[in-house]
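Below is one structure, written out as structure tokens, with a few remarks after it.
The values are calculated or read from the model by the stated rules, or taken from the named source; none is laboratory data. Nothing here was measured: the structure is a model prediction, and the numbers come from that model. Backbone-built Cβ (ideal geometry, glycine too); neighbour counts: all protein chains shown.
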Amino acid sequence: MSKNLRFAPLVALLMTGAVFATPAHAQKSKKKKKEKQETAAATPAAKKDDNTPKPYGEVITAKAVTDDGLFKVHRIDEKYYYEIPDTLLNRDMLLVSRIAKTANNIGYGGEELNTQMLRWEKKGNRVLLRVISTENVAADSLEVFQSVQNSNLAPVIQAFNIKAFGQGTQVVEVTDFFSKDVPALGLDKDRREEYKVKKLDDNRSFIESVKSFPMNIEARSLMTYDAGGAPSNSSTGTISLELNHSMVLLPRTPMAARKFDQRVGFFTINQTDFGTDEQRAAKREYIVRWRLEPKDEAAYARGELVEPKKQIVYYIDPATPMKWRPYLKQGVEDWNKAFEAAGFKNAIVAKDAPTFEEDPEFSTEDARYSVIRYFSSETQNAYGPNVHDPRSGEILESHIGWYHNVMNLLRNWYFVQTAAVNPDARGIQFKDEVMGELIRFVSAHEVGHTLGLPHNMGSSAAYPVEKLRDPEFTKTMGTAPSIMDYARFNYVAQPEDKGVSLMPAIGVYDKYSVKWGYSYFPEKNGADNSEKLSAWIKEHENDPMYRFGRQMGRPTDPSSQTEDLGDDAMKASTYGIANLKRVMPNLITWTAEDNKAYDDLQEMYLQVLGQWNRYMGHVTANIGGVYEDYKTYDQKGNVYAAVPKEKQQRAMKFLNEQGFATPTWMLDENILHKIEAAGTVDRVRNAQVNILNNVLDPSRMARILEAQAMQGSKTYTLPEMMADLRTGIWAEVGTGKTIDMYRRNLQRGYLERMEYLMKEEPKPVTGRARAFSGSTAINVSQSDIRPMVRGELNTLRNQIKGSLAKTSDAMTKYHLQDALVRIDTILDPKS
């Protein structure tokens, strides 16, 4: 308690004067005093300055309930005050805003809303709260530093009047800041638009609590918004949710940043450094990682495994079902084997959250703690974000989101991909130990993200397909070198491959990337040591197990895809389809349960079709595909190389045989008549036409044309690809064979796609969106695409005309006649 606060009651008592007699001279002056008051009342008084600080004891009264910590937090009735020390003005802090509690369909408890770096700055009798950007930087010792500062004025979230000064402190009221509508703290813009939020209702919004800890302050508010489109309890016309705001003091000296290298996958922060000797604004990219420093640097330098000064600790949400907790913990601690490659032991641990009796102030929203949050949701997902220091990339904490229904997703994957060879997957309800191992796998994957590791989609292409059928190899090496790929489960394994491993695990690449990102360099006080790090990369150059392949929406690189396995998509998918054909006849038996409708049968049937469709996508990526293997000037070879001609031709042959031929094995009447009255024909049409449209994607055709321009006949040319496609899809033309309904639908889809290529210009995709999507820029109308399409349609028209006389089936004849009219209309719209 401060000196001013301690003496406040005595001062107040002396000022009242109620117990003392009135002197005689005071009685004589009453009349004169009354006259002065009347005169003053008739004269306009000077307006009182509300911004003038009051004595400390008048603001922080004896009624104050004080919580000491980073700032002193005072509560007086329903008002809250921060007492900010001079020493914490202009210090960098991070404000993490999360949903703490919510109604159905409005996010999830623990979900992050916003993260921003702040500084409290004194200006006269006010304190300004500014949002600080770290995008543009320069050393403060350089002349250019002032220019950078002048070009990056920090916006003010709120200005607070100083209510009082303490001993080296200033007191501000934060009640309105946490209970009024401050956009940077409240419901995000997208949800406001989606739910038609009109305004915050101040009468139904208030602060629940504000708690101060040594390095952070946690403020929780109940916010009620008037909303025209509330997704739950819509009759109220409101949305109510609790928001938690964690304000965390950042280190005075940021952790030494480690430069990013695109040959090793890490999440990054970006800065533009104006203070270098480069004759331009230097773009800098640094990896995101935890601060790991050895307890015993001498032992670490000798190559011994050493515990870190501070462990990475994850707490399990108390809402998590008890039986799944060991598996979630194991997924966390599986990463210790990777940290050993970086010289650390016991680097990461998972614990149950403390009970209220053990720690009454523990909160899963507290930004000091990393938590695996368990969401009661039908969403089939999990995610692993991290909160990091924007100055250096140091990870401060993470809240992994774990949705209850991710178990359904895991069940479906494991069933469809392994049931043909795996009795444990043949059912709707798995044994707890089987589901537990699946949970462990996803837990490890999501924890990898929180360690700074993005998806490595290039990992799953590292192993030869046949090795995935080898029990000895897979038990040692797993199904892929990295758990950060979307490698899923071993669909390549066949029934005769007894003892083969079916599940991903922490692999060779994971250990390598953790070593690269987390190894400690004492000789440079933890600095990036770029030369040594680059040497480690070159030790493994051209070894696919150590390659990083970035994630793309529509992959241009067939060796960097989601959900795939092995180095040859045609071989792997052939094995995968063979297993699907084994699963299909058993679907009824493996999903059966007395007194239940056929919902599970329908779900698993659609899962089989979805898996088949993934195989088609894996194969299609080879056509017009370009391998991407990052290199630097001191390495031999190119970064980009077209997929060999032979491989592209095999891909087209596979699609004609497995994708465009009518998939009769999917048309099991015993199943279809139990799950739907109609819809199968259109479902097959939609699936096949989507494969076709993917093949005839203008971006893909652009890459084929570019390779053709550079390599000529050494590559798979566009005329060759288009001819192979036409021959496959219109195989019945010229033979007189009946064309079934599925094939007729596909052929009409072909004509519609050709019309699209003749008439439409795809919208350009630019910048980072194009890099992720895999789109290749092309102006269709000024390229060889339309002449190629016109030539193919003319050839097809002539083939159909010659085939009509051989056709005896009425529907086939009508279809071909209709096709001729469609072609004529495409080539000559006026006709």
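A few comments on the model shown:
- Answer residue from region 93-117, given it is touching an Asp or Glu at 6+ places or on another chain (Cβ under 8 Å) and more than 16 Å from GLY401 (Cα to Cα) and is modelled with the lowest pLDDT among those: MET117
- Pairing each residue of region 422-435 that is under 16 Å from SER501 (Cβ atoms) with any residue that is among the acidic types (Asp, Glu) and modelled with pLDDT of 95 or more, provided the two are 6+ apart or on different chains, yields C-beta distances under 7 Å for VAL434/ASP424.
- Of all the residues in region 796-831, those that are among the β-branched types (Val, Ile, Thr), assigned to a helix (DSSP H, G or I) and surrounded by 14 or more Cβ atoms within 10 Å (Cβ to Cβ) number 4.
- Number of the exception - LYS259 against (1) at pLDDT 85 or above; (2) buried (at least 16 other Cβ atoms within 10 Å of the Cβ): (2)
Okay, residues lined up against (1) within 26 Å of LEU609 (Cβ to Cβ); (2) touching a Ser or Thr at 6+ places or on another chain (Cβ under 8 Å); (3) modelled with pLDDT of 95 or more; (4) among the hydrophobic types (A, V, I, L, M, F, W, C):
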residue	(1), (2), (3), (4)
LYS645	no, yes, yes, no
ARG650	yes, no, yes, no
ALA661	yes, no, yes, yes
HIS673	yes, no, yes, no
ALA678	yes, no, no, yes
ASP682	yes, no, yes, no
ASN694	yes, yes, yes, no
LEU705	no, yes, yes, yes
SER713	no, no, no, no
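- Selection count where residues are closer than 29 Å to HIS540 by Cβ and of a type outside the set (Phe, Trp, Tyr), scope region 233-271: 14
- Filtered by the rule that a residue be buried (at least 19 other Cβ atoms within 10 Å of the Cβ) and under 21 Å from ARG119 (Cβ atoms), region 170-185 gives GLN170, VAL171, VAL172, VAL174, PHE177, PHE178, LEU185.
- Subset of region 738-750 [in contact (Cβ under 8 Å) with a residue 60 or more places away in the chain and either farther than 17 Å from PRO663 by Cα or part of a helix (DSSP H, G or I) (or both)]: MET741, TYR742, ARG743, ARG744, ASN745, LEU746, GLN747, ARG748, GLY749
- Entry remark, region 208-223: residues being in a strand (DSSP E or B) and surrounded by fewer than 19 Cβ atoms within 10 Å (Cβ to Cβ) number 4 in total.
- Failed item, numbered, when ASP485 is tested on (1) surrounded by fewer than 20 Cβ atoms within 10 Å (Cβ to Cβ); (2) closer than 17 Å to GLN417 by Cβ: (1)
- Residue check for PRO385: assigned to a loop (DSSP other than H, G, I, E, B) and either touching a strand residue (DSSP E or B) at 6+ places or on another chain (Cβ under 7 Å) or modelled with pLDDT of 95 or more (or both): yes
- When ASP543 is tested against the conditions (1) crowded, with 23+ Cβ neighbours inside 10 Å; (2) under 22 Å from TYR512 (Cα atoms); (3) of a type outside the set (A, V, I, L, M, F, W, C); (4) out of contact with any Pro (no Cβ under 8 Å at 6 or more places or on another chain), the lone failure is (1).
- Taken over region 418-435, the criterion of being crowded, with 19+ Cβ neighbours inside 10 Å and of a type in the set (Gly, Ala, Ser) is satisfied by ALA419, ALA420, ALA425.
- For region 572-604, the candidate set comprises residues that are within 30 Å of ASN542 (Cα to Cα) and touching a Lys or Arg at 6+ places or on another chain (Cβ under 9 Å); within that set, the residue that is surrounded by the fewest Cβ atoms within 10 Å (Cβ to Cβ) is TYR575.
- Pick from region 440-495, criterion assigned to a helix (DSSP H, G or I), of a type in the set (Ser, Thr, Tyr) and within 22 Å of the chain's Cα centre (by Cα), ranking: nearest to ILE312 (Cα to Cα): THR450
- From TRP402, TRP324, TRP335, residue being closer than 15 Å to ALA444 by Cβ and over 21 Å from the mean Cα position of the chain (by Cα): TRP324
- Region 572-664 holds helices (runs of 4 or more DSSP H) entirely within its bounds, and those carrying 3 or more residues that are more than 20 Å from ASN690 (Cβ to Cβ) and in the same structural domain as GLN708 (by TED's automatic domain parsing) map to 599-620, 645-654.
- Condition met for VAL306 (among the β-branched types (Val, Ile, Thr), more than 30 Å from GLU218 (Cβ to Cβ) and at pLDDT 90 or above): yes
- Extreme residue, modelled with the lowest pLDDT, among residues of region 536-575 that are of a type in the set (Lys, Arg) and under 21 Å from VAL264 (Cβ atoms): ARG550
- Flag for THR812 being among the β-branched types (Val, Ile, Thr), more than 30 Å from THR556 (Cβ to Cβ) and at pLDDT 95 or above: yes
- When the criteria are applied in full, VAL733 fails the requirement of being part of a helix (DSSP H, G or I), touching a residue at least 40 places away in the same chain (Cβ under 8 Å) and aliphatic (A, V, I, L, M).
- Within region 526-571, being outside any loop (DSSP other than H, G, I, E, B) and in contact with a helix residue (DSSP H, G or I) (Cβ under 8 Å, 6 or more places away or on another chain) holds for LEU533, TRP536, ILE537, PRO544, MET545, TYR546, ALA569, MET570, LYS571.
- Flag for ILE704 being over 30 Å from ILE588 (Cα atoms), in contact (Cβ under 8 Å) with a residue 12 or more places away in the chain and not in a helix (DSSP H, G or I): no
- Note on region 496-519: residues that are in a loop (DSSP other than H, G, I, E, B) and touching a residue at least 40 places away in the same chain (Cβ under 8 Å) total 9.
- Counting only residues that are surrounded by 17 or more Cβ atoms within 10 Å (Cβ to Cβ), assigned to a helix (DSSP H, G or I) and either in contact with a Ser or Thr (Cβ under 8 Å, 6 or more places away or on another chain) or not hydrophobic (A, V, I, L, M, F, W, C) (or both), region 50-84 holds 2 of them.
- The one condition from (1) surrounded by fewer than 19 Cβ atoms within 10 Å (Cβ to Cβ); (2) not in a strand (DSSP E or B) that ALA338 does not meet is (1).
- Among the residues making up region 275-303, those that are at pLDDT below 85 and touching an Asp or Glu at 6+ places or on another chain (Cβ under 7 Å) are ALA282, ARG284.
- Test for GLU365: is it assigned to a loop (DSSP other than H, G, I, E, B), touching a residue at least 12 places away in the same chain (Cβ under 8 Å) and either buried (at least 22 other Cβ atoms within 10 Å of the Cβ) or of a type in the set (Val, Ile, Thr) (or both): yes
- Hits in region 636-652 - residues which are under 10 Å from ALA707 (Cβ atoms), of a type outside the set (Gly, Ala, Ser) and within 33 Å of the chain's Cα centre (by Cα): VAL643, GLN648
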